[in-house]
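The block underneath contains the structure these notes are about, expressed in structure tokens.
Only the coordinates and a few stated rules stand behind these numbers; no lab work does. The structure displayed is predicted, hence computed values, not measured ones. As a convention, Cβ positions derive from the backbone with ideal geometry for all residues, glycine included, and neighbour counts pool all protein chains shown.
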Amino acid sequence: MVKRALVTGITGQDGSYLAEFLLNKGYEVHGIKRRASSFNTDRVDHIYQDPHVDNARFNLHYGDLTDTSNLTRIIREVEPDEVYNLGAQSHVAVSFEAPEYTADVDAIGTLRLLEAIRFLGMEKTTRFYQASTSELYGLVQETPQKETTPFYPRSPYAVAKMYAYWITVNYREAYGMYACNGILFNHESPRRGETFVTRKITRGLANIAQGLEPCIYMGNIDALRDWGHAKDYVRMQWMMLQQHEAEDFVIATGVQYSVRQFIVWAAAELGLTLEFVGTGLDEIAVVADINGNKAPGLKVGDVVMRIDPRYFRPSEVETLLGDPTKAKDRLGWVPEISTQEMCAEMVREDLKVAKRHALLKEHGMDIPVCCEG
Ligand code: NDP
Ligand code: GDR
């Protein structure tokens, strides 16, 4: 029997990698995409299958986590064996700007899905994965953070995700559902959204190296994160749904670095040695040395990074470090790609795009460059 999976957030970073992974495992994959005024399926276009062809195993449905009847109808039609709830307003800083929407999508959206499964009488047959987050630990109560570490959320996003975490646990306990939380620490890739810090750095520095923009503006570069690769993490999302009993797992690398260190690595991949000068809001990063020919747009002494207070958060998560021992011991999961390798891959991919944009610009085309985030 071919297994059927329904993935919310399929157009996002994780959704696209998970869809590839599940297709490779032989699944029929259904995804929920939002209606937008322009195409929003870039990350899954390469696995798109013509729905007019018989036995297409990749199907997209219009929907939204704020729409109960729509979710219920899709679940009834698809009858999924597994639901992966990856859809979310996932940007922490944006959640301070749009707290109510974030709660509606991230918290109540999760309840809507669980309740639809229960309402349709599928609670004993459909397995449910909830994309929980290390942001739950917020103001950390213990280091490293593991499954038993108390939560202390520090943003509307994290508070909404805390509701989603507990409602998932509650449906497991109340209705015997196979429902579990993956408490995932930050994970990145060349497909990472452009306004998250790693991608903002790799894309921004690649653009600067090609002379497309002068400088990146950053927030708290002393923040410490445990960054893994999204490809490693979606494998674990699937593994969590294949067990005898539903349980919650922390997924992390067990190593942390600062945002500043990530900037240094990304610059090094472009042949640049940086010197950080000044402190606080006046800190800048200056090019101290250049090797190779990846950065024709720069010379020694150029400033490539400045601090802009607009990127500080009203309440910040300063440090996160996960302990993935349970995932390793119980499921044999270990991350295969290191943070530094991932950074290099992201820079290489962003450099390809930047070079192409530089070429277009040279031939008189106007290239929009935006690095808000
Ligand atoms: P992305 O931001 O890349 O993707 C989010 C997805 O959710 C997109 O497909 C987006 O659609 C969709 N979405 C947003 N709002 C709605 C809505 N109202 N209804 C339906 N779908 C919606 O996130 P990631 O792939 O990085 O993360 C996946 C999940 O994992 C998220 O829930 C995130 O909070 C969580 N998480 C992520 C971590 C990370 O480091 N990446 C770590 C821990 C948890 P569209 O493309 O149209 O915007
Ligand atoms: P995070 O990721 O908030 O951890 O949430 P993000 O990459 O946005 O920030 C990481 C850290 O970097 C600091 N920072 C900046 N962040 C952004 N975006 N832009 C900047 O200019 C900047 N300068 C410094 C931030 O303050 C923060 O400390 C991500 C999301 O994917 C969530 O959905 C997920 O749940 C968590 O990871 C785990």
(message) On a full-extension model of 0.36 nm per residue, what is the gain between Asn170 and Thr148, subtracting their alpha-carbon distance, rounded to one decimal in nm?
(response) 6.3 nm
(request) Considering the options Gly15, Ile47, Gly31, tell which one lies farthest towards the positive end of the dipole of region 1-47, charges being +1 on Lys and Arg and -1 on Asp and Glu at the Cβ, about the Cα centre. (result) Gly31
(message) Residue by residue through region 268-280, what is 3J(HN,Hα) from phi via Karplus (6.51 cos²θ - 1.76 cosθ + 1.60, θ = phi - 60°)? Round to whole Hz and write x for glycine and proline.
(response) 4, 5, 9, x, 9, 9, 10, 10, 8, 10, x, 9, x
(request) Could you list Asp248, Asp282 in order of exposure, starting from the residue whose Cβ has the fewest other Cβ atoms within 10 Å? (result) Asp282, Asp248
(request) Would you please put 231-237, 313-319, 337-343, 359-365 in order of how densely packed they are, using the mean number of other Cβ atoms within 10 angstrom per residue and starting with the highest? (result) 231-237, 337-343, 313-319, 359-365
(request) Between Thr66 and Thr273, take the C-beta separation as r, use R0 = 56 Å, and let me know the FRET efficiency to the nearest 0.05. (result) 0.70
(request) Just report the Cα centroid separation between region 258-322 and region 126-170, whole Å. (result) 30
(message) Compute the angle between helix 197-209 and the longest alpha-carbon principal axis of the chain, please, reported from 0 to 90 degrees and rounded to the nearest 10.
(response) 40
(request) Please give the helix 339-362 orientation as an angle from the longest Cα principal axis of the chain, in degrees from 0 to 90, rounded to the nearest 10. (result) 60
(message) Skipping prolines and chain starts, which residues have an amide H placed within reach, meaning under 5 Å, of the one on Ala131, given they are 5 or more residues away or on another chain?
(response) Asn85
(request) Report the FRET efficiency, 1/(1 + (r/R0)^6), for Ser37 and Glu245, where r is their Cβ-Cβ distance and R0 is 51 Å, rounded to 0.05. (result) 0.70
(request) Give, rounded to the nearest 20 debye, the magnitude of the charge dipole that the chain has about its Cα centre when Lys and Arg contribute +1 at Cβ and Asp and Glu contribute -1 at Cβ. (result) 540
(request) Mind telling me which of Leu111, Leu136, Leu331 comes out most flexible in a GNM of the chain, alpha-carbon contacts under 10 Å? (result) Leu331
(message) Is the C-alpha gyration tensor of region 1-91 telling us rounded, prolate or oblate? Criteria: a/c under 1.5 is rounded; beyond that, a/b larger than b/c is prolate, otherwise oblate.
(response) rounded
(message) Ignoring everything except DSSP H segments at least 4 long, calculate the 222 nm mean residue ellipticity for the chain; use -39,500 (n - 2.57) per segment, divide by total residues, nearest 500.
(response) -11000 deg cm²/dmol
(message) Could you work out the relative contact order of region 70-172? I mean the mean sequence separation of Cα pairs under 8 Å and 6+ apart, divided by the number of residues, in percent.
(response) 35
(request) Given the options Ile47, Ile32, Ile263, state which has the largest fluctuation in a GNM of the chain using a 10 Å cut-off (strictly under) for Cα springs. (result) Ile47
(message) Distance between the C-alpha centers of region 54-99 and region 171-214? Whole Å please.
(response) 18
(message) Which residues among region 276-307 fall inside the zone where the amide N is under 11 Å from a point 7 Å beyond the Cα of Tyr217, along Cα→Cβ?
(response) 306-307
(request) Normalising by the residue count of region 4-184, find the relative contact order in percent from Cα pairs under 8 Å and 6+ residues apart. (result) 21
(request) Going by C-beta contacts inside 10 Å, put Arg57, Arg112 in order with the fewest on the left. (result) Arg57, Arg112
(request) Apply 1/(1 + (r/R0)^6) to the Cβ-Cβ distance of Arg348 and Ala288, taking R0 = 22 Å, and write down the FRET efficiency to the nearest 0.05. (result) 0.45
(message) Rounding to the nearest 10 and keeping the result within 0 to 90°, find how far the Cα-based axis of helix 109-119 lies from the longest principal axis of the chain.
(response) 20
(request) Within 10 Å of each residue's Cβ, count the other Cβ atoms and sort His229, His91, His244 from fewest upward. (result) His244, His91, His229
(message) Quick check on the chain: of the DSSP beta bridges with both residues there, what percent are antiparallel, nearest 5%?
(response) 25
(request) Enumerate the residues in region 189-231 having an amide nitrogen under 18 Å from the point lying 7 Å beyond the Cα of Asp366 toward its Cβ. (result) 212-213
(request) Hey, could you get me the Stokes-Einstein D for region 4-184, Kirkwood radius over alpha-carbon pairs, 37 °C and 0.692 mPa s, rounded to whole µm² s⁻¹? (result) 196
